[in-house]
Every structure is written in C-alpha cells, then in structure tokens.
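No lab work stands behind these numbers, since they all come straight from the coordinates. All values reported here derive from a predicted model rather than from experimental measurement. Note that each Cβ is placed from the backbone with ideal geometry, even for glycine, and that neighbours are counted across all protein chains shown.
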Amino acid sequence: MKQTETSLAADPCAAPTAAVALFRSLGDPARLAILRRLAEGEARVTDLVTCVGLAQSTVSAHLSCLRECGLVASRPVGRASLHSLARPELLDLLAAAEQLLAATGEAVDLCPTYGIPSATEESTR
C-alpha cells in the first residue's frame, strides 16, 4: 500500500499533505495558466510570457516550482528550453476540473471564501 493510501486508511478525515501541496501548486493563477497552455503542447518561456502576461523572471520562477513538483519537464533546444507537461494525468485532472466547474455553474466563483470578489465587495474592503 502506498503511503497516501496508508494515511487515508488510518485517518480518512486527514488531508494527505502531498494532495494539499498539489492543489496549492494548481491554485496559483499563473501556474494554472502555464499548465493550461502546456496542455496544448510544448512552449518556450517567451511563449508563456506572452500567454500569461508576466515578466520572464516570474514565469521562469513558476516553471521552476512546477518542475520541482514533477509536473513540468523541459528539454534544451539550442539556447532555449522547451517546456511540457511531465505527467499526462494532468490533462485528465484539468479536464475533470473543467467538468466540475461546468456542473457547479457560478457557485465556485460566488464562494465568499475562494470566489472572485464582486466590484461591490472590493469597494467595501
């Protein structure tokens, strides 16, 4: 039995730390945008900078984080590197998330804790 399976069997109410770390890595808007772009195929940092609209150093830092988590791989091509999803299971996870969001409609966006604040809520903060 894997470690996460063992911990789930011991305490089904405890969140596995690896799962928490995975969802935290996916919870950052820039990292999620990078992963969604890489789901379409390999990309250079400059391609990702254009896609997410962040500085090259910021995109590189996010890629480094995703590589350390084992979610993104890179390979050198000349002086650049091409980045890709390291795990095909990420495509399934992203597709499942899209299906879940479609099924819940606006409920996730309207969540007072994690949703996107409305203009009125922003002005009262």
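Here region 1-112 has an Rg and Dmax of 16.2, 50 Å, counting Cα atoms alone. For Ala73, what is the net charge nearby, where nearby means another residue's Cβ is under 11 Å from its Cβ and Lys, Arg count +1, Asp, Glu -1? Local charge sum for Ala73: +2. Using only alpha-carbon positions in region 51-92, the gyration tensor eigenvalues give semi-axes of 18, 14, 10 Å once each is multiplied by 5 and square-rooted (largest first). Available extension along the chain between Glu98 and Ala14 is 27.7 nm, counting 0.36 nm per residue and deducting the alpha carbon span.
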